[in-house]
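Heads up, the thing below is written out as structure tokens.
The values are calculated or read from the model by the stated rules, or taken from the named source; none is laboratory data. It should be emphasised that the depicted structure is a prediction, and the values quoted were computed from it without experimental measurement. Cβ coordinates were reconstructed from backbone atoms using ideal geometry, including for glycine residues, and neighbour counts include every protein chain displayed.
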Amino acid sequence: MPGRLPTENDFPDSIKIGIVPPPSLQPPTNVLILLHGLGDTNASFTKLGQQLNLPETACIAVQAPNPLPFDLGGFHWGDDLIFDQQTGVMDFDTGFKKSTRLILDSVIRDSLMSKCGYKAREIIIFGFAQGGMVGLQAAAEFEDQELGGVISIGGPLSLTAPPKSLQKKTKTPILVCRSSKGSAITDSAMTRLKDAFEFVEIKEWKKNGDGMPSNREEMLPIMRFFARRLRSTRGVPAGSVELT
């Protein structure tokens, strides 16, 4: 049986989500989980799901569980809040144990798989910065099955994530996009990703600092990843190749 369109009632009341159904009353063959960056809310990524307009794909924009202090208005995914005493900049890699369990257990296993009937292979995660880190860690810890994939924009695998042996690389394919200057995804971070995942694709954008894709050239590898990994009940488009 194919999965059904999720509703807010399928998720715990403690999780704030935005649901975007597939375009033109198409069947929700796939689910794309959207995870925003530090200091944002799920509203912007609900809008992103509408803009992507992916065929046969329901988008679930999840809000991070922890509010920022000082009435800043946004939310974060980290286990702690740590500020650099000299610069005042917030450290975005403070561990993601709570958020990883939220995505893996509450969103994927309990809601999308158990209640809505999706297979793990039909679920893809797209995350920006901190959200990308959570998506990567969730996939790395989802050892029993292969997810449809993870796209991380400017988010490396957390240094606090449990190390994985070379014999147990995660089969979930990942696409990681980083800037050519000032990226959080350093060379050592890329080595760490290749140690943890079997299929790693890295795209470098010629820009200063990690940010969301801003033009067709930057968006093209992301759409190609979707084309390879999204499943369809209407047949595979000509020229598409699915990784197995």
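Each row is one residue, and each column tells you yes or no for (1) free of Cβ contacts under 8 Å to residues at least 60 places away in the same chain; (2) more than 20 Å from Asp210 (Cβ to Cβ); (3) surrounded by fewer than 21 Cβ atoms within 10 Å (Cβ to Cβ).
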{"position": "Gly3", "(1), (2), (3)": "no, yes, yes"}
{"position": "Glu8", "(1), (2), (3)": "yes, yes, yes"}
{"position": "Ser44", "(1), (2), (3)": "yes, no, yes"}
{"position": "Gln51", "(1), (2), (3)": "yes, no, yes"}
{"position": "Ala61", "(1), (2), (3)": "yes, no, no"}
{"position": "Ala64", "(1), (2), (3)": "no, no, no"}
{"position": "Asp93", "(1), (2), (3)": "no, no, yes"}
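Based on what the data block shows, is Lys98 without any contact (Cβ under 8 Å) to a residue 40 or more places away in the chain, farther than 21 Å from Asp195 by Cα and surrounded by fewer than 17 Cβ atoms within 10 Å (Cβ to Cβ)?
Answer is yes for this residue.
So, of the residues in the range 10-42 that are surrounded by 17 or more Cβ atoms within 10 Å (Cβ to Cβ) and of a type in the set (Ser, Thr, Tyr), which turns out to be farthest from the chain's Cα centre (by Cα)?
Once the filter is applied, the top-ranked residue is Thr29.
Step by step: first the residues of the range 13-31, then only those that are outside any loop (DSSP other than H, G, I, E, B) and touching a strand residue (DSSP E or B) at 6+ places or on another chain (Cβ under 7 Å), then the one that is nearest to Phe75 (Cα to Cα). Which residue is that?
Going through the qualifying residues, I end up with Ile17.
Which condition breaks for Ser179 when tested against (1) more than 24 Å from Arg216 (Cβ to Cβ); (2) surrounded by fewer than 21 Cβ atoms within 10 Å (Cβ to Cβ)?
With (1) more than 24 Å from Arg216 (Cβ to Cβ); (2) surrounded by fewer than 21 Cβ atoms within 10 Å (Cβ to Cβ) applied to Ser179, the lone miss is (1).
Only one residue in Glu141, Glu122 is modelled with pLDDT of 90 or more, more than 19 Å from Leu34 (Cβ to Cβ) and of a type in the set (Asp, Glu), so which one is that?
Glu141
Which of the residues that make up the range 111-138 are of a type in the set (A, V, I, L, M) and either touching a residue at least 40 places away in the same chain (Cβ under 8 Å) or more than 22 Å from Glu8 (Cα to Cα) (or both)?
The answer is Leu112, Ile123, Ile124, Ile125, Ala129, Met133, Val134, Leu136.
Filter the range 179-213 down to the residues that are under 19 Å from Ala138 (Cβ atoms) and of a type in the set (Asp, Glu) and list them by number.
Passing the criteria: Asp195, Glu198, Glu201.
Test Leu34 against the criterion of being in contact with a helix residue (DSSP H, G or I) (Cβ under 7 Å, 6 or more places away or on another chain), modelled with pLDDT of 95 or more and either under 19 Å from Arg121 (Cα atoms) or part of a strand (DSSP E or B) (or both), and give yes or no.
When the stated conditions are applied, Leu34 passes them.
Would you mind finding the one in Val241, Val200 that is modelled with pLDDT of 95 or more and in contact with a Lys or Arg (Cβ under 9 Å, 6 or more places away or on another chain)?
Among Val241, Val200, only Val200 is modelled with pLDDT of 95 or more and in contact with a Lys or Arg (Cβ under 9 Å, 6 or more places away or on another chain).
Consider the range 143-197. How many of its residues are of a type in the set (D, E, K, R) and either part of a helix (DSSP H, G or I) or farther than 26 Å from Met113 by Cα (or both)?
7
For the subset of the range 88-142 comprising residues that are of a type in the set (Asp, Glu), touching a Ser or Thr at 6+ places or on another chain (Cβ under 8 Å) and in a helix (DSSP H, G or I), which member is nearest to Val31 (Cα to Cα)?
Ranking the candidates gives Glu122 first.
What pairs can you find where one residue is in the range 15-35 and under 23 Å from Gly131 (Cα atoms), the other is at pLDDT below 95 and in a loop (DSSP other than H, G, I, E, B), and their Cβ atoms are less than 6 Å apart, with a gap of 6+ or different chains?
Partner pairs satisfying both residue conditions: Asn30/Arg231.
In this structure, is Phe70 more than 19 Å from Phe226 (Cβ to Cβ), free of Cβ contacts under 8 Å to residues at least 40 places away in the same chain and crowded, with 19+ Cβ neighbours inside 10 Å?
It is false that Phe70 is more than 19 Å from Phe226 (Cβ to Cβ), free of Cβ contacts under 8 Å to residues at least 40 places away in the same chain and crowded, with 19+ Cβ neighbours inside 10 Å.
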